[in-house]
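Trainee: Below you'll find the structure I mean.
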Amino acid sequence: MHSADSSQSSAPGQRRIFLAQTRGRTERKIIEAWLQKKTSQQADANIEVLYIDYPKLDASRTTWQLRQRLAKGDNPALCPLRVAWLPKARNGKHQVYLRDLVSTGDPRAPHPYAKYLIARYQPERVHVLEGEPATISELREIWEQQRASNAEDEFAHFVVRRATLALERAASQLLGPQYKMPKLVREEIRASSRFQTGLQQLAQQKKLPIAQAEALADKALKELASGFTPLGLDVNLTMGRILYRRGYVEQLDIDPQQIETVRAAVNGKPAIILPSHRSNMDVGVMSVALHEAGLPRTSTLGGINMSFWPMGYIMRRSGVIFIRRDIRSDPVYRWVLKEYLGYMVEKRFSLQWYIEGTRSRTGKSLPPKLGLLKYVVDAYRDGRCEDIALIPASTTYDQLNEVKGYAGEAMGVAKKKEDLKWMINYFKSAHGRFGRIYVRFGQPLSLSSYLGSPEHASQLSDSEYHLALQKLAFEISWRINQATPITAISLITMTALSAFRQALSFEQLKMALREFVLYTKRNEAPMTASAQRLLYDEGIQEELDALISQGLIHAETDGPEAVYTINHDAHVAASYYRNWIIHHFLDSAIAELALTAAANNNGDNSLTVFWQTALQLRDLLKFDFFFLEKNQFRKTLNEHLLKVDPDWEQAVEDGPETTHELLAAMQPITADSVLRCFLESYWVVAVCLELRADKNTVGDANFFQFCAGTARQYLLQKRIIHSEAASLHLFKTGLQIAENRGVIDDNASYQPRLGHEYIEELEALLQLSDQRFNSARRNFNQRFFNRVKNHD
């Protein structure tokens, strides 16, 4: 039997009251034996013992003995105690396995007879936790600052809550930071004067009866409370491992240096983990990654659509906080959610949510949602914490079984509702050979470094604060993208989707992929081991076989040599993998089109034309990609071209011939595979707006179906080239851009002149894309011919 002591010694001779939280006779005997040993070692022992009930259903419970003792008027130190039960040690770790749960139940909360046996025959699994002590006067002072009621009985509840929280901190020190979990959150928030005062003010502002506001607030708090338990966490980890290991390599691919960077960043402060979101596996995968890395456990915010039985029951107990999808019309819920998150960061608990708000159905990162981020930053501005560590993260898969479903949604197929039947089917579909899962962390961001001190941040005007919040969200999203590794399958699909609109032989594919891998290394972009193996024949063949088995790549093998192309019905699915990494090649693609525009200019201002075209594309694509500030964007683009030719600016100024030579030196060729489908999709929307100029398209669900039908016709007519341009997701962005350009005014009316100018702008860019494509195809074929001729 051991003691896990997190207490600070009380003054010599000071009277101590041990508040022992126990469940059952065995635990009481363990506490008695521990106290007897403790007092026998201290000659001046001056102690009392009060046994208090263990919290039930995340609610504190007092006893009349405690209430009576607190009313005496003296000032002893209150010292919390509790018995902690550890699982059986295996390989030096106390870890719960599925067989433990099946055979004996929860080893951290054994049934009464099991406690007796463990205490007698396995005493190393029994620990007595000591929480940090506090005197009655210290606790009363804190309570009087926070209390919402004058009832003395509430002080007893407050004391029990403080004892419980002190013991939870001691438990996390014993079990590790992975098991640091919030307790009694609902009761703590509800009992605070801050909550009561704020709720009364909200009721007055919204003209709600206080009883109604309290009822709505209680309902919201009950809905948000997670009910975190060590067993729930263990079950969640076990389920997460079982699920992803059905289709993926057992060991997650995690960068150990990034883990240490994150560990240093979150030390002593609340952390917000902000991962990309591409799969329903993401929650389980990130939980396992954080646990195995020894990082603090997060409370994960998720959509309430996933709270169906039994998932909701299990996930709540592993720390998932389910939130409603649409809360705009419920001010009480919004306020309660804000207070809940504020409490969590104030108590330095870590949170996690997906800043995109939902899974990406295109593979490309979605624009960040500001709501939850604002609530947390508001808490920082209110001085509820000194700093918050924001941790961008990325979860990437070699292959993802959900991609086919996403492709269907992009073409207009309705999303399936999540329920028990859906969960069973999802579990079945997870079986296969899908490769590896990569968990990466971007450079952490300190809120105090970004916004200044809480006092400084609180002085920002509303407009300044909103702008700072937007920039913060985009900075996080940009860092997520930069951390996302380039995978082999993403590179192959990116190459094959363009492929100069022809099937490629193995040797042609090998040459194109080699250029992509060398470009990635040259620019120091993150890359997986599988992507680096694309420099070798066996690495390419292995990934091709995987894509062929998945139905994305078609191999025509009946001729003199095998040739490879994207399957005729798999372009949208293949584009999903390409879009995972597309941002790593965005600067190169923009440079290619800008150089093509400069080459078309015969005047003296070719360099000006280059920068005008580059900034034009940056502005056009800003709803689909995260760009740096203009000056930083220009600097990055300049640095990119300096790696191609240190005298690139002089080459552009010297005229079309030297500019074309510069373009020929740019490898790999990216403009067609990176930009073309976006430009085509925007153009389809622009044309459809003109065709339906007499109708209100904003809010008209049929408009996107009309765009989809038009795109399919244009594909058949070869007026557009890329099948993935016929995506409902891209159409929505295209409409946003049209509204931003004023093509649709504030009254939802079409503006013919601006609409025509917008169409002309897009058609001019598509003509540049055609020029670049034709010259790039000639250049590639010539280089390949030279390689074959020289036996390279």
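Trainee: For LYS415, give me every one of the lysines with a C-alpha distance below 16 angstrom, ignoring sequence neighbours fewer than eight places off in its own chain.
Mentor: Partners found: LYS404.
Trainee: Of LEU513, ALA215, GLY73, which is farthest along the charge dipole of the chain in the positive direction, counting Lys and Arg as +1 and Asp and Glu as -1 at C-beta?
Mentor: GLY73
Trainee: Also, I was wondering about something else. Can you send over the carbon and sulfur percentage of the accessible area for the stretch 338-477, probe radius 1.4 Å, protein chains only?
Mentor: Values: 3130 of 5950 Å².
Carbon-and-sulfur percentage of accessible area, whole number: 53.
Trainee: Share of the stretch 659-792's accessible area from carbon and sulfur, percent, 1.4 Å?
Mentor: Details: 2990 of 6270 Å².
Heavy-atom surface of the stretch 659-792 belonging to carbon and sulfur, 1.4 Å probe: 48 percent.
Trainee: Any idea what diffusion coefficient the stretch 684-783 gets from Stokes-Einstein, in µm²/s, Kirkwood Rh on alpha carbon pairs, 20 °C, 1.002 mPa s?
Mentor: Working: Rh = 14.6 Å.
Reported coefficient: 146 µm²/s.
Trainee: Here's a follow-up. Given Cα pairs under 8 Å that are at least 6 residues apart, what percent is the relative contact order of the stretch 16-175? Let's see the in-between values first.
Mentor: Numbers: 195 pairs, mean separation 45.0, N = 160.
That works out to 28 percent.
Trainee: In addition: Sorted by mean Cβ packing within 10 Å, highest first, what order do the peptides 366-374, 210-218 take? Before the final figure, lay out the partial values.
Mentor: Numbers: 366-374: 18.2, 210-218: 15.4.
Packing proxy ranking, top to bottom: 366-374, 210-218.
Trainee: Using only C-alpha positions, report the orientation-averaged shadow area of the convex hull of the stretch 225-363, nm², one decimal. Working shown, then result.
Mentor: On the way: hull surface 37.3 nm².
Result: a mean projected hull area of 9.3 nm².
Trainee: Then there is this: Determine the equivalent ellipsoid of the stretch 16-175 by diagonalising the alpha-carbon gyration tensor, then write out the semi-axes as square roots of 5 times the eigenvalues, largest first, rounded to whole Å.
Mentor: Numbers: eigenvalues 189, 68, 37 Å².
Those come to 31, 18, 14 Å.
Trainee: Send over a whole-number figure in Å² for the accessible area per residue of the stretch 229-482, probe 1.4 Å. Before the final figure, lay out the partial values.
Mentor: Details: 10190 Å² over 254 residues.
Counting only protein heavy atoms, the per-residue value for the stretch 229-482 is 40 Å².
Trainee: What is the ratio of the Cα radius of gyration of the stretch 610-670 to 2.2 N^0.38 Å, with N the residue count, to two decimals?
Mentor: Values: Rg = 12.5 Å, N = 61, 2.2 N^0.38 = 10.5 Å.
That ratio works out to 1.19.
Trainee: At 4 °C and 1.567 mPa s, what whole-number value in µm²/s does Stokes-Einstein give for the translational diffusion of the chain, with Rh from the Kirkwood sum over Cα pairs? If you can, show how the numbers build up before the last one.
Mentor: On the way: Rh = 29.7 Å.
Approximately 44 µm²/s, per Stokes-Einstein.
Trainee: Let me ask something additional. Using a 1.4 Å probe, what is the accessible area per residue for the stretch 556-640, in Å²? Provide the component values of the computation, followed by the final result.
Mentor: Details: 3410 Å² over 85 residues.
Counting only protein heavy atoms, the per-residue value for the stretch 556-640 is 40 Å².
Trainee: So what is the accessible area of the stretch 16-175 per residue, in Å², with the probe set to 1.4 Å?
Mentor: Details: 8230 Å² over 160 residues.
Accessible area per residue: 51 Å².
Trainee: Compare the peptides 128-140, 603-615 by average per-residue count of other Cβ atoms within 10 angstrom and give them in order, highest first.
Mentor: Those peptides, ordered most packed to least, come out 128-140, 603-615.
Trainee: Using a probe of 1.4 angstrom, how much of the accessible area of the stretch 499-560 is carbon and sulfur, in percent?
Mentor: Details: 1400 of 2900 Å².
Result for the stretch 499-560: 48 percent of the exposed heavy-atom area is carbon or sulfur.
Trainee: Starting from the Cα of LYS789, step 7 Å along the direction of its Cβ; do the same at ASP462; then give the gap between the two resulting points in nm.
Mentor: 7.0
Trainee: Report, in debye and to the nearest 20, how large the dipole of the chain comes out about its Cα centre when Lys and Arg carry +1 and Asp and Glu carry -1 on their Cβ.
Mentor: Dipole magnitude for the chain comes out near 3640 debye.
Trainee: I would also like to ask the following. Of the cross-linked pairs LYS347/LYS374; LYS338/LYS369; LYS180/LYS364; LYS369/LYS471, which ones have a Cα-Cα span greater than 22 Å in the structure shown? Don't jump to the answer; show the numbers that get you there.
Mentor: Numbers: LYS347/LYS374 18 Å; LYS338/LYS369 15 Å; LYS180/LYS364 34 Å; LYS369/LYS471 12 Å.
Check vs 22 Å cut-off fails for LYS180/LYS364.
Trainee: Related question: LYS428: which aspartates and glutamates have alpha carbons under 16 Å from its alpha carbon, excluding same-chain residues fewer than 8 sequence positions away?
Mentor: GLU402, GLU418, ASP419
Trainee: While we're on this one: Whole percent per 10 Å bin, from 0 to the bin with the longest distance: what is P(r) over all C-alpha pairs of the stretch 103-194?
Mentor: Binned Cα distances yield the sequence 14, 34, 29, 17, 5.
Trainee: What is the Cα centroid distance between the stretch 488-511 and the stretch 179-198, reported in whole angstrom?
Mentor: 56
Trainee: Between Rg and the Kirkwood Rh of the stretch 488-580, both from Cα atoms, what is the Rg to Rh ratio? Display every interim value, and only then the final one.
Mentor: Numbers: Rg = 12.4 Å, Rh = 13.2 Å.
Rg divided by Rh gives 0.94.
Trainee: Follow-up. Starting from the 7 Å offset along Cα-to-Cβ, what nm value, one decimal, do you get for the label separation of TYR97 and ASP770?
Mentor: With each label point 7 Å from Cα toward Cβ, the separation is 6.6 nm.
Trainee: Based on DSSP H runs of at least 4 residues, each adding -39500 (n - 2.57), what is the mean residue ellipticity at 222 nm of the chain after dividing by all its residues, to the nearest 500 deg cm²/dmol? Could you put the intermediate results ahead of the total?
Mentor: Working: 34 runs with 435 residues, N = 792.
The per-residue figure over the chain is -17500 deg cm²/dmol.
Trainee: Over the chain, what is the mean sequence separation of C-alpha contacts under 8 Å (at least six apart), divided by residue count, expressed as relative contact order in percent? Don't skip to the end; give the middle numbers.
Mentor: Values: 1196 pairs, mean separation 73.0, N = 792.
It rounds to 9 percent for the chain.
Trainee: Here is a follow-up. Semi-axes, largest first, in whole Å: what does sqrt of 5 times each Cα gyration tensor eigenvalue give for the stretch 674-732? The partial results should precede the final answer.
Mentor: Details: eigenvalues 71, 27, 18 Å².
Whole-Å semi-axes of the equivalent ellipsoid: 19, 12, 10.
Trainee: If you average the sequence gap of Cα pairs under 8 Å that are 6 or more apart and divide by the length of the stretch 488-580, what percent do you get for the contact order? Working shown, then result.
Mentor: Working: 106 pairs, mean separation 38.4, N = 93.
Relative CO of the stretch 488-580 lands at 41 percent.
Trainee: Over what distance in Å are the Cα centres of the stretch 543-607 and the stretch 685-729 separated?
Mentor: For the stretch 543-607 versus the stretch 685-729, the Cα centre distance is 23 Å.
The values are calculated or read from the model by the stated rules, or taken from the named source; none is laboratory data. What you are looking at is a predicted structure, and each value in this text was computed from that prediction instead of being measured. Note that each Cβ is placed from the backbone with ideal geometry, even for glycine, and that neighbours are counted across all protein chains shown. The accessibility values were calculated without ligands, DNA or RNA, using every heavy atom of the protein model including side chains. Shrake-Rupley method; radii C 1.70, N 1.55, O 1.52, S 1.80 Å.
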